[in-house]
Amino acid sequence: MRESRPRLRAVSAGSVALAALVLLALAVILVPALAASDPSRIDDVLARRLVPPLGRDAHGTMHLLGTDRFGRDLLVRMMLAGRLSLLVGVIGAGVSGLVGTLVGALAGWRRGVLDRVLMGLADLLLALPRIVLLLVGVALWSPGLTTILVVLVATGWMGVARLVRAEVIAVSARPFVTAATALGAAPRRVLFRHVLPNAIGPAFVATTLGVGNAILLESGLSFLGLGIQPPAPSWGNMIAGGRDLLVTAPWVALAPGLALVATVLATSVVGDEWRDRTRGAAAVRGGRLL
Amino acid sequence: MLSPAVARSIGVAGAVVRTAVLYWCVLSLTFVLLRVAPGDPATFLLPPDASAADAVRLRATLGLEQPVTAQYARWTRRMLHGDLGTSFSEGRPVVAVLRDALPVSLALGGASLLLSFLVGTTVGIVQSARRGTYADFTLTIISVVLAASPAYWLGLGAIAVFTYVASLLSLPLWARLPAVGMTTPGADLHGLAHLADLLRHSVLPVTLLAAIGAAGVARYVRTSALDVLDADWVRTARAKGLPERAVLGRHLLANMRASLVTLFALALPGTVAGSVFVETIFGWPGMGRLMVTSIMARDYPVVLGSAAVFALLVIVANLVAESLLPWADPRLRG
């Protein structure tokens with residue numbers, strides 16, 4: 001064990017972060033659904049625009065986080081943007097993880113030429129910074145949700161593939177795999193029922209840690225105007241919308257930024273704790289550590 | 001048997017060849033990407049106001065009627081001559097456009113990378129030496145939050161604080177930092193005055209990029225330092241009465257050289273990603289901003305040219321790190 005002194009905290013940071021994420025997921029589903037007004041409708045701009053947090057507009061409606069320059073309620077828009085961010089993060093990282101697991105399992109199980117080709121492809125994509133690949137992707141296809149997801153998956157599977165490949169090779173050498181093969185199990189069954197379940201732990205952790213990264217990348221592209229296009233709200237394009245209001249209405253850029261940081265932080269804390277908890281188990285069975 | 005020195009040179013030469021092949025594949029990827037993108041490459045490569053006749057002419061020049069293999073051979077020949085095409089928006093060769101932008105990014109990224117390594121390594125080692133204390137806890141929180149924060153958002157915050165708020169509170173002039181550009185526009189400064197102006201403009205972008213980088217470096221260094229400090233021979237060093245400073249300064253650092261070399265190669269893509277946003281926010285005419293503006297302008301030759309330069313940077317950094325590893329860790333000398 002790494003910790004030199006026992007943990008005294010009864011609640012781990014990981015469970016707090018997980019609770020926060022669950023709460024956020026509920027909020028992004030419920031808040032826009034229960035909102036009194038349509039979050040993208042613009043009406044009576046002069047009466048409603050740039051109301052500070054906790055303030056009331058000229059119609060007497062209270063806005064918990066204030067309004068933007070078009071008089072739209074920031075909380076509702078932020079939660080609507082949160083739907084998109086969480087969706088992009090979970091699907092982007094999840095599908096990347098799935099593709100990476102399949103590629104890594106295939107490469108580690110079959111070895112030979114296939115292994116060399118697949119890992120060569122991974123090296124190739126890893127030679128370009130991910131943001132550069134993303135930018136090239138949105139440059140060649142039209143910006144939007146589908147493009148972002150496709151490009152996130154295309155540029156996100158390599159890390160997991162390498163991890164799973166290494167694990168599969170390590171697990172394949174262990175006696176129970178030989179035993180399963182000797183008992184006449186088909187190679188596919190050995191791979192999916194015996195090897196992969198013992199090799200997939202690090203892939204789950206890496207995928208969890210990838211969620212925050214995917215959310216950050218999506219918001220970055222949207223901030224640059226190359227991702228989710230307004231009027232659809234994304235945390236990135238909401239921050240971009242508050243860029244020239246930093247002095248007069250700082251809350252417009254502050255609120256979505258805080259939501260973004262809190263979400264990415266929570267996913268990385270959950271991922272870190274998961275890794276730390278499985279690290280001991282992995283070390284015991286001699287697997288490669290993350 | 002080969003002497004170790006010869007074997008090592010062969011190893012390095014092999015790494016260089018492998019790197020060159022890899023880089024060629026990356027460049028070919030840009031060729032492939034333009035062709036798998038929906039639509040005719042000619043329409044991508046033409047400015048929006050081009051006529052149908054222009055398209056026909058370009059298709060002939062590009063040899064798009066020829067078979068793909070012939071096109072690839074032609075493209076290869078041009079690449080080997082260092083011809084990356086002509087920028088649509090500027091009408092200049094892409095190579096010239098890149099030559100203007102690259103030094104800006106190298107200066108910004110280099111300074112930030114250096115700072116982030118100095119600060120991050122120090123912080124990480126202090127944390128590992130004071131493991132479990134409040135100082136360790138606080139620094140961990142700071143670095144985790146920084147690592148989760150988007151550079152552009154922190155940049156906007158920094159601009160708000162150091163320009164508007166600073167002048168609002170009528171803070172002294174040194175605390176009010178310029179937010180945009182590398183130099184004061186219109187000011188015809190020379191020598192030291194020019195340098196001072198440049199430095200003032202660098203404070204915010206470099207600090208921001210370095211802070212984000214340092215957060216990552218500190219987390220990594222703390223983890224690998226703890227791995228080293230848990231080793232048996234550290235206990236031996238302490239047991240024989242070696243002062244803690246010697247344990248950290250000699251034993252720990254010597255054993256972390258390899259980790260730091262690896263981290264350097266790992267940190268470079270992060271710096272590139274950060275510089276895309278930092279250059280955009282602070283209006284620095286570097287590679288990152290060039291890439292964003294050329295995407296906005298649909299200037300594909302420049303987009304692909306900058307991607308090629310970024311890939312070259314990362315690949316060379318990996319090659320350097322790989323060749324330095326045997327120096328950093330004698331256990332890796334085969």
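The values are calculated or read from the model by the stated rules, or taken from the named source; none is laboratory data. In this text the structure is predicted, and so the values were computed from the model without any measurement. Counting neighbours? That spans all protein chains shown, and the Cβs are built from the backbone with ideal geometry, glycine included.
Key figures
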| quantity | calculated |
| --- | --- |
| B:Ser306 being in contact (Cβ under 8 Å) with a residue 12 or more places away in the chain, of a type in the set (S, T, N, Q) and surrounded by 22 or more Cβ atoms within 10 Å (Cβ to Cβ) | yes |
| Residue in the range B:231-247 that is in contact (Cβ under 8 Å) with a residue 40 or more places away in the chain and surrounded by fewer than 16 Cβ atoms within 10 Å (Cβ to Cβ) present | yes |
| Checking B:Leu84 against (1) crowded, with 20+ Cβ neighbours inside 10 Å; (2) in a helix (DSSP H, G or I), the condition it does not meet | (2) |
| Boolean, B:Ala254 is surrounded by fewer than 19 Cβ atoms within 10 Å (Cβ to Cβ), among the aliphatic types (A, V, I, L, M) and out of contact with any strand residue (DSSP E or B) (no Cβ under 8 Å at 6 or more places or on another chain) | yes |
| Cβ pairs under 8 Å, 6+ apart, first in the range A:67-90 and surrounded by 24 or more Cβ atoms within 10 Å (Cβ to Cβ) and modelled with pLDDT of 80 or more, second assigned to a strand (DSSP E or B) and of a type in the set (A, V, I, L, M) | none |
| Test: B:Ser143 is over 26 Å from B:Gly274 (Cα atoms) and either assigned to a helix (DSSP H, G or I) or assigned by TED's automatic domain parsing to the domain that holds B:Leu260 (or both) | no |
| Filtered residue count, the range A:139-176, keeping only those that are surrounded by fewer than 19 Cβ atoms within 10 Å (Cβ to Cβ) and either within 10 Å of chain B (Cβ to nearest Cβ) or touching an Asp or Glu at 6+ places or on another chain (Cβ under 7 Å) (or both) | 2 |
| Some residue of the range B:220-237 being over 15 Å from the mean Cα position of the chain (by Cα), in a loop (DSSP other than H, G, I, E, B) and basic (Lys, Arg) | no |
| Residues (under 19 Å from B:Leu319 (Cα atoms) and either more than 9 Å from every other protein chain (Cβ to nearest Cβ) or buried (at least 22 other Cβ atoms within 10 Å of the Cβ) (or both)) located in the range A:110-120 | A:Met119 |
| Subset tally (residues that are part of a loop (DSSP other than H, G, I, E, B) and hydroxyl-bearing (Ser, Thr, Tyr)) for the range B:252-284 | 0 |
| Contacts under 9 angstrom Cβ, first residue in the range B:321-332 being within 15 Å of B:Ala254 (Cβ to Cβ), partner not in a helix (DSSP H, G or I), 6 or more apart | B:Pro326/B:Arg333; B:Pro326/B:Gly334; B:Trp327/B:Arg333 |
| Evaluation of B:Pro301 against (1) within 12 Å of chain A (Cβ to nearest Cβ); (2) without any contact (Cβ under 8 Å) to a residue 12 or more places away in the chain; (3) not hydroxyl-bearing (Ser, Thr, Tyr) (one fails), failing number | (2) |
| In the range A:181-200, residue nearest to A:Val99 (Cα to Cα) [restricted to those that are of a type in the set (A, V, I, L, M, F, W, C) and surrounded by fewer than 17 Cβ atoms within 10 Å (Cβ to Cβ)] | A:Phe192 |
| Selected residue (criterion: surrounded by the fewest Cβ atoms within 10 Å (Cβ to Cβ)) from residues of the range B:146-155 that are free of Cβ contacts under 8 Å to residues at least 60 places away in the same chain and within 7 Å of chain A (Cβ to nearest Cβ) | B:Ala148 |
| Exclusive hit being in the same structural domain as B:Leu304 (by TED's automatic domain parsing), modelled with pLDDT of 75 or more and in a helix (DSSP H, G or I), set B:Arg99, B:Arg57 | B:Arg99 |
| Condition check for B:Val314: surrounded by 24 or more Cβ atoms within 10 Å (Cβ to Cβ), closer than 23 Å to B:Phe31 by Cβ and modelled with pLDDT under 90 | no |
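Let's see how each residue does on (1) at the interface with chain A (Cβ under 8 Å from one of its Cβ atoms); (2) of a type in the set (Lys, Arg); (3) closer than 28 Å to B:Ala218 by Cα; (4) in contact (Cβ under 8 Å) with a residue 24 or more places away in the chain:
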{"position": "B:Phe264", "(1), (2), (3), (4)": "no, no, yes, yes"}
{"position": "B:Pro269", "(1), (2), (3), (4)": "yes, no, yes, yes"}
{"position": "B:Glu279", "(1), (2), (3), (4)": "no, no, yes, yes"}
{"position": "B:Met291", "(1), (2), (3), (4)": "yes, no, no, no"}
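The rows are residues; the columns are (1) assigned to a loop (DSSP other than H, G, I, E, B); (2) modelled with pLDDT of 80 or more; (3) under 21 Å from A:Leu98 (Cβ atoms).
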position: A:Pro202; (1), (2), (3): no, yes, yes
position: A:Gly220; (1), (2), (3): no, yes, no
position: A:Gln229; (1), (2), (3): yes, yes, no
position: A:Met238; (1), (2), (3): no, yes, no
position: A:Thr248; (1), (2), (3): yes, no, no
position: A:Ala253; (1), (2), (3): no, yes, no
position: A:Ala266; (1), (2), (3): no, yes, no
position: A:Arg279; (1), (2), (3): no, no, no
position: A:Arg288; (1), (2), (3): yes, no, yes
